[in-house]
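No lab work stands behind these numbers, since they all come straight from the coordinates. Quantities reported herein were computed from a predicted structural model and do not represent experimental measurements. Every residue, glycine as well, gets a Cβ built from its backbone with ideal geometry; the counts of neighbours run over all protein chains shown.
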Amino acid sequence: MTGDAAARLGQRRFLIGFALLLGAILVLAAIGAIIGDAPEPPPDCQPGTECGGPPGGEAGASRVPAASGPAPTSPVTLPPGTVGIRAGVPWTSTDHGFEFEYSELWAVDSSDGSRADLVFQGPADAVLIVASVPAAEASPEAYADRWFGIIGEEAHDLRADRSGKNAILGPEIGFIDGVGRTYAGTWSSPQAATIPIGVSLVTASDGRTTVAVVLVVWNPDGEVGSTWRQHAVRGTAELVLKTFRWGPSS
């Protein structure tokens, strides 16, 4: 190799080495710039302070975004005794303050401050009586006995109905457990005619007032559609028991 060739080869090696060194310096500078622009990691949480965490929270946490819109309001509470949508026609006792509703298949025939007598408007003869006395005057058992005697004045053979089909299950008035009885007998009319009757009787007390709901159905075993008359009429009278609201405590 001549002296000129060796000199040129040495210069080429020097230029290549310089270029590689300069490239390495530029790469390191770029990496440093990227690291310098990265955000600092969040500080450790200190007791008693709020601090953020990684997106999505801890492992297993829900990543569903929070619902937008106004904050939920607290439920509206109604004052005691407030009545919403009515199921029937209301009647209120002026003596004892209780109230009940009856369907349009019934109509008030007579009433006073403590009693309402309703007459059935459908294809049957029936009366529905809602009556009350102060609790100090009669317990539910005693009031049921009293009404047995009142009806027995017109149905002398009145007796307990032992048939299961007319039994009163879970007797209550206005969600207060009470006494339930059913009777059967024959009603004597002023013309000396006798007609079979069926009686359904429920009594209960809230400690201030004792109430009786008495249903009397004439010819109770007569057919009405696919059922018997006493069962069909009693179904229309149950609204009184379900909507009954006892009077105020004061």
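Quick notes
- Reciprocal mean inverse distance between Cα atoms of segment 102-232 - Kirkwood radius, Å: 15.3 Å
- Here the peptides 233-240, 153-160 are ranked by packing, the mean other Cβ count within 10 Å, and the order with the highest first is 233-240, 153-160.
- Label-point separation, I195 to D221 (7 Å along Cα→Cβ), nm: 1.7 nm
- Order by protection proxy (mean Cβ within 10 Å, highest first), peptides 220-232, 120-132: 120-132, 220-232
- Computed magnitude of the charge dipole of segment 91-215 (debye, nearest 20; Cβ of K, R +1, Cβ of D, E -1): 400 debye
- Residue-wise HN-Hα coupling along segment 142-151, computed from phi with Karplus coefficients 6.51, -1.76, 1.60 (Hz; x: Gly, Pro): 5, 5, 5, 4, 4, 6, 4, x, 5, 5
- Net charge contributed by nearby residues that have their C-beta within less than 12 Å of N166 (K/R +1, D/E -1): +3
- For segment 119-129, 3J(HN,Hα) per residue [Karplus equation, 6.51 cos²θ - 1.76 cosθ + 1.60, θ = phi - 60°, Hz, x = Gly/Pro]: 10, 6, 9, x, x, 6, 9, 7, 10, 10, 10
- Mean separation of Cα contacts under 8 Å (6+ apart) over length of segment 132-217, as relative contact order %: 35 percent
- Summing charges over neighbours of L128, with a neighbour being any other residue whose Cβ is under 10 Å away from its Cβ, gives -1 when K and R count +1 and D and E count -1.
- Cβ-derived FRET efficiency at R0 25 Å, E238 paired with A136, nearest 0.05: 0.30
- Full extension of the segment from D117 to R159, taken as 0.36 nm per residue of separation minus the current Cα-Cα distance, would add 12.8 nm.
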